[in-house]
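Since the structure comes first, as structure tokens, the remarks are kept for the end.
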Amino acid sequence: QVQLVESGGGLVQPGGSLRLSCAASGSFFVVYSMGWYRQAPGKQRELVASLTTGGTTNYADSVKGRFTVSRDNDENTLYLQMNSLKPEDTAVYYCQAYIRPRPGSSRYDYWGQGTQVTVSA
């Protein structure tokens, strides 16, 4: 069974930094693109950043220049370095990945359980 396990959330002051990690675990064949999404109270889930296996990145305008997404393909782990954090970055952050669990199977969309990031003085 495939699982995405996130870590690294917490409480940080405005202007501070956090680093989120997301590790794909279990039995699977190939991990394709991975990404980070977030959902604030009362708002829809939105894309924060994504990264393909080829290294193409995509960022939400609100985080460009402050957040950096990276991955370790050998460890199937995705990271999100968040700098210059603002109160409006407060949300539950979710890891997402497209994974082919077995050779010849379809590619499926997997999600982590989410990790809370709170930016407050």
Quiz item: Using beta carbons and a limit of 6 Å, which pairs, at least six apart or on different chains, have the first residue in the range 72-86 and modelled with pLDDT of 95 or more and the second one polar (S, T, N, Q) and not in a loop (DSSP other than H, G, I, E, B)?
Solution: Tyr79/Ser21; Tyr79/Ser70; Gln81/Thr68
Exercise. Filter the range 54-71 down to residues that are more than 26 Å from Val30 (Cα to Cα) and either in contact (Cβ under 8 Å) with a residue 40 or more places away in the chain or over 14 Å from the mean Cα position of the chain (by Cα) (or both) and give me whichever is surrounded by the most Cβ atoms within 10 Å (Cβ to Cβ).
Key: Arg66
Quiz item: Mind checking whether some residue in the range 23-30 is open to solvent by 70 Å² or more (accessible area, probe 1.4 Å) and in a strand (DSSP E or B)?
Solution: no
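Please note which strands (runs of 3 or more DSSP E) are completely contained in the range 81-121 and include at least 2 residues that are open to solvent by less than 60 Å² (accessible area, probe 1.4 Å) and among the aromatic types (Phe, Trp, Tyr).
Those strands (runs of 3 or more DSSP E) span 91-100.
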Quiz item: Just one of Gly65, Gly55, Gly35, Gly8 is more than 20 Å from Tyr110 (Cβ to Cβ) and modelled with pLDDT of 95 or more; which is it?
Solution: Gly65
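The values are calculated or read from the model by the stated rules, or taken from the named source; none is laboratory data. Everything quoted here is computed from the prediction, not taken from an experiment. Every residue, glycine among them, receives a Cβ derived from its backbone with ideal geometry; neighbour counts consider all protein chains shown. When the accessible area is computed, the model is the full protein with side chains, heavy atoms only, and any ligands, DNA or RNA have been set aside. Shrake-Rupley method; radii C 1.70, N 1.55, O 1.52, S 1.80 Å.
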